[in-house]
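I have a structure here, written as structure tokens, and I will follow up with some questions on it.
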């Protein structure tokens, strides 16, 4: 299984478990996300139960939680919305930094088509949710999500040239590493096993 990392931050943003479609002359990848339900979670969030209307011993065990599969799997971090001026400023910096990291062939293709892709994105800004990778690196690539007309699940847009193929074992290890910080052991083991099995099949 392939995992795609952010070329700028190293964060894992996607894997080939989520099929993509190239749009805007290959500058953008379009990926369909899906709302999924996870249950039997025991999350210690340090909240005051009485303030939430519950008793002292009341927790959140066995409650179903709805998450978007891509956001949850790769622990994408949502960011405040961008207005047009902020997005254009971000894109100028992003293009400059990314271009320096591309080989000549990819650089030429990216420079030739990124303007058209940007024009495609600008009218949709008000509809987008903005995400970055888990590290929230200052120079990290944006991942955009929105709902197409009539859709109940989000569509994600990735900058294709900002993705590089990475080692899928890193993700499995990361899930286990955080197990001691957040009590989600069953979920951790489930995702780690999933990634290790897919790696073995690759």
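For residues that are within 12 Å of the chain's Cα centre (by Cα) and part of a loop (DSSP other than H, G, I, E, B), scanning just the range 1-24, find the one that is nearest to residue 101 (Cα to Cα).
Once the filter is applied, the top-ranked residue is 11.
What pairs come up if the first residue lies in the range 81-107 and is closer than 15 Å to residue 6 by Cβ, the second is exposed (fewer than 13 other Cβ atoms within 10 Å of the Cβ), and their beta carbons are under 6 Å apart, counting only those six or more places apart or on different chains?
97/139
Within the range 61-82, identify whether any single residue is at pLDDT below 70 and either part of a loop (DSSP other than H, G, I, E, B) or more than 24 Å from the chain's Cα centre (by Cα) (or both), and answer yes or no. Give the derivation first.
So the first thing to find is which residues in the range 61-82 are at pLDDT below 70, and the list is 61-62.
Checking which are either part of a loop (DSSP other than H, G, I, E, B) or more than 24 Å from the chain's Cα centre (by Cα) (or both) leaves us with 61-62.
Yes - at least one qualifying residue is present in the range 61-82.
Also, quick follow-up: Listed residues 117, 160, 145, 192; which is at pLDDT below 55 and either surrounded by 13 or more Cβ atoms within 10 Å (Cβ to Cβ) or in contact with a strand residue (DSSP E or B) (Cβ under 7 Å, 6 or more places away or on another chain) (or both)? Reasoning before the result, please.
Details: 117 fails: at pLDDT below 55; 160 fails: at pLDDT below 55; 145 fails: at pLDDT below 55.
Criteria check complete, one pass: 192.
The values are calculated or read from the model by the stated rules, or taken from the named source; none is laboratory data. What you see is a predicted model; the values in this text were computed from it and never measured. Glycine gets a Cβ as well: all are built from the backbone with ideal geometry, and neighbour counts include every protein chain shown.
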